[in-house]
Amino acid sequence: QVQLVESGGGLVQPGGSLRLSCVASRTIFSIVDMGWYRQAPGKERELVATFTRDGSTNYGDSVKGRFTVSGDSAKNTVALQMNSLKPEDTAVYYCYTKIHGAWGLQDYWGQGTQVTVSS
């Protein structure tokens with residue numbers, strides 16, 4: 001079992017920046033991919049940014065060029081740097097990881113952190 005805890009959410013004005021962090025409860029040795037998804041009220045959860053075990057990254061179309069995902073395996077953390085924030089970025093942001101464990105692929109989600117972009 002892996003617990004993921006997000007932090008860094010809050011209120012920011014349009015055009016501003018915010019950095020989210022996610023800390024895993026233990027070292028993860030078999031990560032398939034890891035990163036961030038978000039969900040706004042009334043909408044489906046969508047990809048924000050993830051990285052795979054080979055270091056490649058995937059970004060949602062709406063955040064390309066504005067958000068950057070990074071990880072620090074030594075600290076069991078993954079971060080999301082969000083720049084040029086827009087009101088449509090308002091959502092609950094969830095840390096996510098997919099692990100190739102003893103029982104096959106396993107998905108884990110954090111509790112979410114609220115990001116609100118508003119004047």
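Residue-wise test of (1) in contact (Cβ under 8 Å) with a residue 12 or more places away in the chain; (2) under 19 Å from Val115 (Cβ atoms).
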site	(1), (2)
Glu6	yes, yes
Arg19	yes, yes
Phe29	no, no
Arg45	yes, yes
Val48	yes, yes
Arg53	yes, no
Leu80	yes, yes
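Which of (1) surrounded by fewer than 14 Cβ atoms within 10 Å (Cβ to Cβ); (2) within 23 Å of Gln111 (Cβ to Cβ) does Phe67 not meet, given it meets every other one?
Condition (1) is where Phe67 drops out.
Filtering region 8-38 down to residues that are open to solvent by 60 Å² or more (accessible area, probe 1.4 Å) and not in a loop (DSSP other than H, G, I, E, B), which residue is modelled with the lowest pLDDT?
Per the criteria, the residue is Val23.
Within region 89-100, does at least one residue satisfy the condition of being open to solvent by 40 Å² or more (accessible area, probe 1.4 Å), at pLDDT below 95 and in a strand (DSSP E or B)?
Scanning region 89-100, I find at least one residue that is open to solvent by 40 Å² or more (accessible area, probe 1.4 Å), at pLDDT below 95 and in a strand (DSSP E or B), so the answer is yes.
Which ones in region 78-88 are under 14 Å from the mean Cα position of the chain (by Cα) and either open to solvent by 60 Å² or more (accessible area, probe 1.4 Å) or among the aliphatic types (A, V, I, L, M) (or both)?
Those that are under 14 Å from the mean Cα position of the chain (by Cα) and either open to solvent by 60 Å² or more (accessible area, probe 1.4 Å) or among the aliphatic types (A, V, I, L, M) (or both): Val78, Ala79, Leu80, Met82.
Consider Ala49 carefully, then state whether it is open to solvent by less than 10 Å² (accessible area, probe 1.4 Å) and of a type in the set (Gly, Ala, Ser).
So Ala49 passes the test.
The values are calculated or read from the model by the stated rules, or taken from the named source; none is laboratory data. What you see is a predicted model, and the numbers here were worked out from it, not measured in a lab. Heads up, the Cβs are rebuilt from the backbone with ideal geometry, glycines too, and the neighbour counts pull from every protein chain shown. Quick note on the areas: whole protein, heavy atoms, side chains included, nothing else; ligands and nucleic acids left out. Shrake-Rupley method; radii C 1.70, N 1.55, O 1.52, S 1.80 Å.
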